[in-house]
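Data block below; observations after.
None of the figures in this text is laboratory data; all of them are computed from the coordinates on show. A quick note: this is a predicted structure, and the numbers were derived from the prediction, not measured. Every residue, glycine among them, receives a Cβ derived from its backbone with ideal geometry; neighbour counts consider all protein chains shown.
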Amino acid sequence: MWKHVLLLVLTICTTTFVGASYYASFASDFGRRAVSFNAALLLQGLWYSVPVLLILGAHEMGHYLCCRRYNVDASLPYFIPLPMFPTGTLGAVIKIREMFPTRTILFDIGVAGPIAGFVALLPVLVWGMALSQVVPAPNIESGLAFGEPLLFRFVSWMTFGAIPDSQALNAHPMVFASWFGMLATALNLLPFGQLDGGHLTHATLQRHSTIISGVTVLAAVIMCFFSTSWLATTAIMVVMLFVVGPRHPRVLNEDEPLGPGRNAMAIFALVMLILCFTPIPIQLLGR
């Protein structure tokens, strides 16, 4: 238990520092106003750290509580601190210590996390967008540009309408928390290996999931030529491919059919992936 608490405390610290940077950028209106870094500003970092940890925690607790429901042995979430911009964390994980009994259980545990995280990030995105501002577009020659998923674009349009090229969105830190939640949701739903999307693919398509995993890795490798932000994800996939193998581990009962309700839920998972996905998550300006 102490490991879980320690990692959570460290992740609160790292995400709060990153959140303070986001709030400083927001309060300065793209550097147009001077903002001093002090204890009060650090406290404002909680606008990012609290919602991002709630989104990540909801995702992992979705998995964990579903494991408890089916008596599958699993650990509490491990939060992963990252003492650097732009996220302050690498997310959170749980460890499942036994084989999945059936395809239904595999599917339910795999889909519970993304749904819980998606439900948590929606109000954060809407609230954060309401706290944001549309300001004259700054002249930025260097820095980071964040990709805009379809869900992000839709909520922005619902809040501000079409933003002209002469203006820009000055995003509140809560928007960045929801953005990272969308990125985590999309990456987890990629149909590969033992990612959540890999669980869902194996539960629904069984042996065909191996081919889909291979295509996913190939697509990720190709995306690396368009955006360096895919390098880390692709490297993890390649390592998993060689360590675990291309095939998803079998469940104890492979013959149990999934009902139409779960097939419909699989389509909803695909919709979540489309809404949260952005082909170029982070772009380095000035290069």
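Ordering of 80-92, 56-68 by packing is 56-68, 80-92, highest average first (other Cβ atoms within 10 Å, averaged per residue).
Annotation: amide H of Leu195 has no partner in the under-5 Å range at sequence separation 5 or more or interchain, hydrogens built in the peptide plane. For the chain, a crude dipole built from +1 on the beta carbon of Lys and Arg and -1 on the beta carbon of Asp and Glu, taken about the Cα centre, is about 240 debye to the nearest 20. Once the Cα-Cα distance is subtracted from the 0.36 nm per residue extended length, the Glu254 to Ile274 segment shows a gain of 4.4 nm. Annotation: for a label point projected 7 angstrom from Cα along Cα→Cβ of Lys95, residues of region 9-32 with backbone N closer than 18 Å are 9. Once the convex hull of all Cα atoms in region 27-149 is built, its volume per residue stands at 147 Å³. Once both labels are modelled 7 Å past Cα along the beta-carbon direction, what's the Val135-Leu41 spacing in nm? For Val135 paired with Leu41, the spin-label model returns 1.4 nm. For the chain, the longest principal axis of the alpha carbon atoms and the long axis of helix 260-276 meet at an angle near 30°. Ordering Leu190, Leu275 by the number of other Cβ atoms within 10 Å of each residue's own Cβ, fewest first, gives Leu275, Leu190.
The distance separating the Cα centre of region 100-116 from that of region 210-287 comes to 16 Å. Report the local net charge at Ile115: Lys and Arg +1, Asp and Glu -1, summed over other residues whose C-beta lies under 12 Å from its C-beta. Net charge around Ile115: -2.
Using the Kirkwood radius over C-alpha pairs as Rh, can you work out the diffusion coefficient of region 1-52 via Stokes-Einstein at 25 °C, viscosity 0.890 mPa s, in µm² per second? The calculation lands on 213 µm²/s. Put in line by how crowded their Cβ is, counting other Cβ atoms within 10 Å and starting with the fewest, Asp196, Asp108 read Asp108, Asp196.
For the chain, the longest principal axis of the alpha carbon atoms and the long axis of helix 2-27 meet at an angle near 40°.
Rounded to the nearest 0.05, what FRET efficiency is calculated for Asp29 and Ile211 with R0 set to 45 Å and r the Cβ-Cβ distance? Given R0 = 45 Å and the Cβ-Cβ separation, E is 0.35. Ranked by the mean number of other Cβ atoms within 10 Å per residue, highest first, peptides 144-152, 173-181 order as 173-181, 144-152.
Take 118-126, 210-218, 34-42 and order them by the average number of nearby Cβ atoms within 10 Å per residue, most first; the result is 118-126, 210-218, 34-42.
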